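Enquirer: Take this structure, written in structure tokens, and hold onto it; I'll ask about it next.
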Amino acid sequence: MKTTTTQCATLLQTSRAVHMVELLTLTLIDGTALRWSGADATVSYAGNTWYPGPIIERDQISSKIGINVASLDLKLHVNDAVTVLGLPLLQAARRGVLDGASLLIQKAFTDSPANPMAGTVHLFEGRVADVEINSTTVRMEVKSFTELLDTQVPLDVYQASCLNTLYGPICGLNKASHALNLSVAAGTTLQRIVCSVTGSGTYDLGELVFTSGVNSGVRRAVKSHIAGQLLLSFPLTEAPSVGDTFTVYKGCDKTLSTCRNKFSNVVHFRGYPFVPAPETAV
């Protein structure tokens, strides 16, 4: 059942003229909330403000009894005036800023555009599963949060490698304590970052996050690390400049030896390296 405020319910039941506007809230994985209205004016309600943004095109939303994974095809038709974290929306989407974001769609009602909103009705909520980009449009496939129910039970599987997510709550490691701040040096390419990192192997399977320059906010997995270089798993879309800063975090291959020797965190290790390998009976 859809719920709303008493004022909004009264408005819908008694008013001869009802004005409505669709409100879209996109929350990025870092907690940044982007609020766009389907109107050409700013809309405020319950302490939040939605601004005119991209032209929004979406599938029809349907409600069903039972537990099912609803999906929504959403298209944002944009120009360079629509920005995310200081970047044009198309460029931000190309860098992966929208990946994993959560989406909330509401419809707000009032008896006159000059009056405050009487209330909102929840239409759809979910998580961005896929993003496609062309010259003027960002297309997102959004799946409802019921998708999260499709989880293996029991969670633990008997396997040699650790089941924890590195720096997650069960792993218990402080991510900031295993970070190194560096800057880009000459000779850097889209996939190979030349810098002053020393040693080798420490940042294999780690994460690199740019903190300045044209790639600010862009994240990439580190494939391998040797002295003076970090090789990314996937190339950047734009080449960084000498002096651009970034933070790189230690990686983990989920083995017992790495947990013990690199992180001294065996107490939280959730692998089963001593379980005998399965054998076929003859």
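The values are calculated or read from the model by the stated rules, or taken from the named source; none is laboratory data. Since the structure is predicted, the reported quantities are computational estimates derived from the model, not experimental observations. Note that we place each Cβ from the backbone using ideal geometry, even for glycine, and neighbour counts take in every protein chain shown.
Enquirer: Those residues that are aliphatic (A, V, I, L, M) and out of contact with any strand residue (DSSP E or B) (no Cβ under 6 Å at 6 or more places or on another chain), I need them from the range 183-193; list them, please.
Expert: V184, A186, L190
Enquirer: Turning to a different aspect of this structure: Consider K107 carefully, then state whether it is over 30 Å from K2 (Cα atoms) and charged (D, E, K, R).
Expert: No; evaluated as a whole, the condition is false for this residue.
Enquirer: A further question on this structure: Being in contact (Cβ under 8 Å) with a residue 60 or more places away in the chain and not polar (S, T, N, Q) is the filter here; which residues of the range 183-223 pass it?
Expert: V184, G217, V218, R219
Enquirer: Anything in the range 100-115 that is part of a loop (DSSP other than H, G, I, E, B), in contact with a Ser or Thr (Cβ under 8 Å, 6 or more places away or on another chain) and small (G, A, S)? List them, or say none.
Expert: Matches in the range 100-115: A101 only.
Enquirer: On to the next question. Which ranges mark the strands (runs of 3 or more DSSP E) fully within the range 122-237 that have 1 or more residues being of a type in the set (G, A, S)?
Expert: Filter on the range 122-237 gives 137-144, 179-183, 219-226.
Enquirer: Between a first residue in the range 120-149 that is more than 18 Å from L23 (Cα to Cα) and at pLDDT below 90 and a second residue that is among the aliphatic types (A, V, I, L, M) and surrounded by fewer than 16 Cβ atoms within 10 Å (Cβ to Cβ), which pairs have beta carbons less than 6 Å apart while being 6 or more apart in sequence or on different chains?
Expert: Sorted first by the residue in the range 120-149, then by its partner, the pairs are T146/I67; T146/V69; E147/V69.
Here's the yes/no breakdown for (1) at pLDDT 90 or above; (2) within 16 Å of A108 (Cα to Cα):
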{"residue": "K2", "(1), (2)": "no, yes"}
{"residue": "Q7", "(1), (2)": "no, yes"}
{"residue": "T14", "(1), (2)": "no, no"}
{"residue": "I29", "(1), (2)": "no, no"}
{"residue": "L34", "(1), (2)": "yes, no"}
{"residue": "Y45", "(1), (2)": "yes, yes"}
{"residue": "K64", "(1), (2)": "no, no"}
{"residue": "G86", "(1), (2)": "no, no"}
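Enquirer: Residues in the range 249-263: is at least one among the aliphatic types (A, V, I, L, M) and either out of contact with any helix residue (DSSP H, G or I) (no Cβ under 9 Å at 6 or more places or on another chain) or assigned to a loop (DSSP other than H, G, I, E, B) (or both)?
Expert: Within the range 249-263 (the criterion being among the aliphatic types (A, V, I, L, M) and either out of contact with any helix residue (DSSP H, G or I) (no Cβ under 9 Å at 6 or more places or on another chain) or assigned to a loop (DSSP other than H, G, I, E, B) (or both)), the answer is no, since none of the residues qualifies.
Enquirer: State whether one or more residues within the range 9-21 are within 23 Å of T136 (Cβ to Cβ) and in the same structural domain as M140 (by TED's automatic domain parsing).
Expert: Narrowing the range 9-21 to residues within 23 Å of T136 (Cβ to Cβ): none.
Checking the range 9-21: not a single residue is within 23 Å of T136 (Cβ to Cβ) and in the same structural domain as M140 (by TED's automatic domain parsing).
Enquirer: Of the residues that sit in the range 64-84 and are out of contact with any helix residue (DSSP H, G or I) (no Cβ under 8 Å at 6 or more places or on another chain) and in contact (Cβ under 8 Å) with a residue 40 or more places away in the chain, which one is farthest from E22 (Cα to Cα)?
Expert: N79
Enquirer: Here's something else I'd like to know. Only residues that are among the polar types (S, T, N, Q) and part of a strand (DSSP E or B): list them for the range 72-88, please.
Expert: As a first pass, look at the range 72-88 and keep what is among the polar types (S, T, N, Q): 79, 83.
Residue satisfying the conditions is T83 alone.
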